[in-house]
Amino acid sequence: MKSQFVYVTYIKSTPEKLWQALSTPQLIKKYWAGMYIDTDWKVGSAWTLKFPDGRVADAGEIIEFSTHKRIVIKWRNEWKTEMKEEGFSQCSFDLEQTNGAVKLTVKHEIDVLNSKFIEAVTDGWPFILSNLKSLLETGDVVLKEIAHHK
């Protein structure tokens, strides 16, 4: 049995600009409340998400990287024991050009029934993706900090 979270949003932007926001460390920091990603975005490469103070929040590996179309990450929480013990999840980002916008689908899943990790990302992803959408459409984010990451 799996636990999964799926979020779909439409962003008034281009696939190129959305792709840049998903894969550029300086832009990620803006909509992810100061957290940042360390990777070279090559298939098989290590991937880490770090808190502003440098502690590792999540870690994994790049599984797929299809420019302007799809990113897939093998992903494990590293800072909460009960979530780390669940093992690796998989997170995919799919971009699809629509009329004047880009459809972004984020799917995060794990082979654990009633996953604590998926429960946590159910709160986290809407915050992050709302910030991403606002940043691309208005130049600014909605919220500056993620309360549950403190």
So LYS74 clears everything in (1) among the basic types (Lys, Arg); (2) under 22 Å from LEU143 (Cα atoms); (3) touching an Asp or Glu at 6+ places or on another chain (Cβ under 7 Å) except one condition, right? Which one?
-> (2)
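Rundown of residues vs (1) in contact (Cβ under 8 Å) with a residue 12 or more places away in the chain; (2) surrounded by 17 or more Cβ atoms within 10 Å (Cβ to Cβ); (3) of a type in the set (S, T, N, Q), yes/no style:
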{"position": "LYS2", "(1), (2), (3)": "yes, no, no"}
{"position": "SER13", "(1), (2), (3)": "yes, yes, yes"}
{"position": "ILE28", "(1), (2), (3)": "no, yes, no"}
{"position": "ALA33", "(1), (2), (3)": "yes, yes, no"}
{"position": "ILE37", "(1), (2), (3)": "yes, yes, no"}
Scan region 131-150 residue by residue and report those that are surrounded by fewer than 18 Cβ atoms within 10 Å (Cβ to Cβ), at pLDDT 95 or above and under 17 Å from the mean Cα position of the chain (by Cα).
-> SER134
Counted residues, region 14-34 - those being more than 19 Å from SER92 (Cβ to Cβ) and in contact with a helix residue (DSSP H, G or I) (Cβ under 7 Å, 6 or more places away or on another chain) = 3
How many residues does region 40-59 contain that are among the aliphatic types (A, V, I, L, M) and assigned to a loop (DSSP other than H, G, I, E, B)?
-> 1
Every pair of residues 6+ apart whose Cβ atoms lie under 9 Å, when the first sits in region 78-90 and is farther than 16 Å from PHE5 by Cβ while the second is of a type outside the set (Val, Ile, Thr) and in a loop (DSSP other than H, G, I, E, B) = GLU78/ARG55; TRP79/PHE51; TRP79/ARG55; LYS84/GLU78; GLY87/ASP111
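The values are calculated or read from the model by the stated rules, or taken from the named source; none is laboratory data. Just so it is clear, the model here is predicted, and its values are computed rather than measured. Every residue, glycine as well, gets a Cβ built from its backbone with ideal geometry; the counts of neighbours run over all protein chains shown.
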